Every structure is written in C-alpha cells, then in structure tokens.
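In what follows, a structure is listed as structure tokens, so that the remarks can point back to it.
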Amino acid sequence: MQEHKGRGLRQLCRLLGYTPQAYYSYGKQLVKGGLKEDLLLQQVVIYRSRQPQLGGRKLLVKLSAFMQAHHISIGRDAFFELLRANRLLLRRRRRSKPLTTMSHHRYKKYSDLVKGYIPDRPCALWVSDITYVPTGRGFAYLSLVTDAYSRKIVGYHLAEGLQAEGRWPP
C-alpha cells in the first residue's frame, strides 16, 4: 500500500485480481473471526480455572453447546491450533518410572496360595519380584527370586525388557 500512494483502492484491488467488495468483506470476516476466537478463549479460561488439567478434546466437547449458541464453528485441529497459539495446551507429563504392574488384564488371576503360610526351613518357599533399575539409556528390569525363610537371593536376571526369558541358577 505504501508504494502505491496516490492510487485508489479500486485500482489496487484490480491489480491484485480482487474486487473492493472482497477486500472489505475479508476485513469484516477477520474482525468477526477474532471476536469469536476471543469469546471461545474466554470460555476455555473459565473451564480451566475450574479444572486445570482438562484436556483439549474434553474442552471441545464441553464447549459444543456454547459454540452452537454463539454460532461458532471450529474443528478439532483448528481448536488445537487456537489453544497452541495462545499457549493453552497442556503439557504431557512424562512417566518417571516404568509401568511394571498391570492388574487389570483379561487373564485368570490366581489366589494367593501362601497366604498365612510361614516357612519353617530354607527352600520351603520362594518368592519373586520384578523391579526397575534406571540406566543412562532408560531402564533395565531386575527379576529376583528370594528364599522366604532365609531371605537370600537364589536367582536373578537383568534385562532391557519384560520378556519371559532368562536363566535361574540353582
């Protein structure tokens, strides 16, 4: 615009291949869209003040009635871009410890066969456990077999994964 001082808007629009009506319509749409985005962001801040850890997808569902009432139409990806542009996306928390126990599986769960049993001699009862050991490249898993009477470790295996393999020395 600065280079073409003295030329009218009509000439500039023709030069770019647009009508003056399209130019003004585009300006109105920008203003209207900005107002709707601001209105939507205010609602996001209200919801986040009540529930700080509410994620983007749930926010979009909770805001759907509000958006219909105010004739705001925005898709999931555009909504996430709006949140990202305004630094309202939640940061994902990284798990500091690996997951070693999965209690809610579909396999048969056996009852505790040694509940209440107190071993009276060595090698009468062995118990096992898996724990993780932090390394420079992540975690390694340490499987231990312990004699319940003497509390001595009778077997172990250190591996990078939780595969069902390993040697157990007698």
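Here, each number is a calculation from the coordinates, and none is a lab measurement. Everything numeric here is computed off the predicted structure, so don't read it as measured data. Quick reminder, even Gly has a Cβ in these numbers, built from the backbone with ideal geometry, and neighbours come from all protein chains shown.
Computed from backbone phi with θ = phi - 60° and the Karplus coefficients 6.51, -1.76 and 1.60, the 3J(HN,Hα) list for the range 39-47 is 4, 5, 5, 4, 5, 4, 5, 5, 5 Hz; x is used for glycine and proline.
Across the range 63-72, coupling constants 3J(HN,Hα) worked out from phi with the 6.51/-1.76/1.60 Karplus curve, θ = phi - 60°, read 8, 4, 5, 4, 5, 5, 5, 9, 6, 9 Hz, and Gly and Pro carry x.
Can you check what the net charge comes to around residue 82, using other residues whose Cβ is under 13 Å from the Cβ of residue 82 (Lys, Arg +1; Asp, Glu -1)?
On the way: positive: 36, 76, 84, 87; negative: 37, 38, 77, 81.
Result for the local shell: 0.
If each residue of separation counts as 0.36 nm, what is the full-extension length gain between residue 128 and residue 49 once their alpha-carbon separation is subtracted? It would help to have the intermediate numbers written out before the result.
Numbers: separation 79, 0.36 × 79 = 28.44 nm, distance 4.62 nm.
My answer for the length gained is 23.8 nm.
Under the rule of -39500 (n - 2.57) per DSSP H run of 4 or more residues, summed and divided by the residues of the chain, what mean residue ellipticity at 222 nm is obtained, to the nearest 500 deg cm²/dmol?
Numbers: 5 runs with 62 residues, N = 170.
After summing the helix terms and dividing by residue count, I get -11500 deg cm²/dmol.
Using 0.36 nm per residue, how much length does the chain from residue 62 to residue 84 gain when fully extended, once their Cα-Cα distance is taken away?
On the way: separation 22, 0.36 × 22 = 7.92 nm, distance 1.83 nm.
Computed gain between residue 62 and residue 84 is 6.1 nm.
How high is the FRET efficiency between residue 145 and residue 91 when r is their beta carbon distance and R₀ equals 30 Å, given to the nearest 0.05? Once the sixth-power term is evaluated, E becomes 0.15. Dipole magnitude for the chain: computed about the Cα centre from +1 point charges on Lys and Arg Cβ and -1 point charges on Asp and Glu Cβ, it is near 680 debye. Residue 162 label point, 7 Å along Cα→Cβ, cut-off 17 Å on backbone N: hits in the range 89-121? In the range 89-121, the label zone of residue 162 (backbone N under 17 Å from the point 7 Å along Cα→Cβ) covers 95-110. Amide H contacts under 5 Å for residue 155: 145, restricted to partners 5 or more places along the chain or on a different chain, H placed in the peptide plane at 1.01 Å from N.
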